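The values are calculated or read from the model by the stated rules, or taken from the named source; none is laboratory data. Note that the structure is predicted; figures quoted are calculated from it, not measured. Reconstructed Cβ throughout: ideal geometry from the backbone, glycine too, with neighbour counts over all protein chains shown.
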Amino acid sequence: MIAEEAVVAPRKISTKRLLSQRYDLLWLALGTLVVTAIAFLFGLWGAGGHLAPPLDDTFIHFQYAQQLASGHPFQYNTGDPPSSGDSAFIYPFLLVPPYLLGIDGQKPLIYADLLNSAAHLALVFFTYKIAFRLGGRPLALFSAGFVLLDGRLNYIFVSGMETGLYAGALATFLWFWLRDVEDARYMWLAAAGTLTALLRPEGHMLVSMVCVLTAMYLWRRSKRVSTAYLWLAAPVLAGLIPYAANIAMTGDWQFNTAASKSIWYLPYAPLYENLSITVGWAANTLKNSYLGLEIGRSPFVLMAAPVAVLGMGVALRETRYRFFHLLLMLTFVGGAALALLLPPIQFNRYFMPYDFIFILYFSLGLIYLVKVADRLVRTNEEGPGKPYAVRSQSLGIAGAAVTLLLLPQFVAYFFAVGDSSRDIYYQQMAFSDWIRQNTPPDARIGVNDTGAHKYMSDRYVIDLIGLTNN
């Protein structure tokens, strides 16, 4: 009997150690890699074993990157005037290495997915770190775990797009703010903010807002201006580079993306019509996503929004991190407002980078509700005046319940990756290959979806919506 206990005891200790806080990030990293691998395999399955992104816009990035490597920067068609059809200014530069090494065709998608996999790890990692600093281990596990269960984020991280990189860079920027600003360290904050500002125009706007408000906050607190504050100006100034490049190349500061996709750039649309359409998009996004009413597609549970609002209220009661919470909330609201200026395409793609902020406050509200419920139950059982701390079992039950509710959309988006990759491969890519084989090299092709039709056909294309042609 004693010998049996001597054998069993170390196993129990080892299991307990593996589930301890020190291994949280290891398990989250492994989970992230597994989820990414599964999503990638679903894409291969959907495209019949071929490499194919789930979005045609991926090929727009690839075409600009290929042109950069060939010595034709910002020319979608060789010989054309430069165009601003890629609003993710720095992303084609990040995609250049495979083309410089002679890797072309569909193979650069693997490289793009590796970049996005690193960004996915960063998003989960820094969500955990932010939440742990703000509310301890339960909030960190809930927030990072629910981010990992966000199906539409898992979808976008294997799309080859810049959206995942932008989400990871934004989370990194906010973590460095939380970690470093109080200690008057700004270098890493400036670096992450610069990357965020160069990845998306809305990233520049939001990071600039945070940096300006931070400078005002620090000045008001210390009543002096420090040269270290110049670090805060770095992302603001760096984010102006794309606009300067646009003006130099095209004579217009705005990206073609906004001019060709946003209803607010339609010259003939009256103001009230644009407002009504935008309000309709906002109502549908609130209903379908944040209230969880699009069952099987919403990355959030039913009535998640009220719980997240409760979490925001709970957060603002704490004085220590109140200003940071205000910055987080402004980033989320500002990001959602900017996303409404573009159409709600591809599972609300422009809202996805801010999911981690919503999830953090949902998790905070959920933990508060669990504490209240647990306190009521234990008061009835034990009587008033007893020492109180929320039971880990109660948090575990709540986390498991939310996880079960999130599983349908979590699984559904794997199939969405496969379905979308199948459509891209057997429609845009297959047709582009047909064009390449059955048209003369000097043919001019008018296209609507301009990504694969240019990249795969290697023909001169005229973009009918004006995204890649001026």
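In this structure, residue 416 does not satisfy being at pLDDT 90 or above, of a type in the set (Gly, Ala, Ser), assigned to a helix (DSSP H, G or I) and farther than 19 Å from residue 46 by Cβ.
From the list 40, 93, 126, 74, which one is among the aromatic types (Phe, Trp, Tyr) and surrounded by 23 or more Cβ atoms within 10 Å (Cβ to Cβ)?
Working: 40 fails: surrounded by 23 or more Cβ atoms within 10 Å (Cβ to Cβ); 93 fails: surrounded by 23 or more Cβ atoms within 10 Å (Cβ to Cβ); 74 fails: surrounded by 23 or more Cβ atoms within 10 Å (Cβ to Cβ).
Only one candidate passes the filter, namely 126.
Considering segment 57-99, and only residues there that are touching a Leu at 6+ places or on another chain (Cβ under 6 Å) and not in a helix (DSSP H, G or I), the residue that is nearest to residue 454 (Cα to Cα) turns out to be 85.
Of the residues making up segment 419-448, just one is in a loop (DSSP other than H, G, I, E, B) and either under 23 Å from the mean Cα position of the chain (by Cα) or among the aliphatic types (A, V, I, L, M) (or both), namely 443. Sub-7 Å Cβ pairs linking a first residue in segment 15-39 that is in a helix (DSSP H, G or I) to a second residue that is at pLDDT below 95 and of a type in the set (Lys, Arg), at least 6 apart or interchain, are 21/137, ordered by first then second residue. Cβ-Cβ contacts under 8 Å between residues 6 or more apart (or on different chains), taken from a first residue in segment 59-86 that is in contact (Cβ under 8 Å) with a residue 60 or more places away in the chain and over 23 Å from residue 159 (Cα atoms) to a second residue that is basic (Lys, Arg) and assigned to a helix (DSSP H, G or I), are listed as 77/454.
A search for C-beta distances below 8 Å between a residue of segment 274-291 that is within 10 Å of residue 340 (Cα to Cα) and any residue that is of a type in the set (S, T, N, Q), counting only pairs 6+ apart in sequence or on different chains, returns 285/348.
With the requirement that a residue be among the aliphatic types (A, V, I, L, M), assigned to a helix (DSSP H, G or I) and closer than 19 Å to residue 409 by Cβ, what does segment 264-306 give you? Even if it seems obvious, please write down each step before you answer.
Start the filter on segment 264-306 by keeping residues that are among the aliphatic types (A, V, I, L, M), which leaves 266, 269, 271, 275, 277, 279, 282-283, 286, 291, 293, 295, 301-305.
Among the residues that remain, those that are also assigned to a helix (DSSP H, G or I) are: 271, 275, 277, 279, 282-283, 286, 304-305.
Passing the criteria: 286, 304, 305.
This table checks each residue for (1) out of contact with any Pro (no Cβ under 6 Å at 6 or more places or on another chain); (2) modelled with pLDDT of 95 or more; (3) exposed (fewer than 14 other Cβ atoms within 10 Å of the Cβ).
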| residue | (1), (2), (3) |
| --- | --- |
| 258 | yes, no, no |
| 272 | yes, no, yes |
| 275 | yes, no, yes |
| 278 | yes, no, no |
| 286 | yes, no, yes |
| 302 | yes, no, yes |
| 331 | yes, yes, no |
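Taking the conditions (1) among the hydroxyl-bearing types (Ser, Thr, Tyr); (2) more than 30 Å from residue 299 (Cβ to Cβ); (3) assigned to a helix (DSSP H, G or I); (4) at pLDDT below 90 in turn, residue 468 satisfies each one other than (3).
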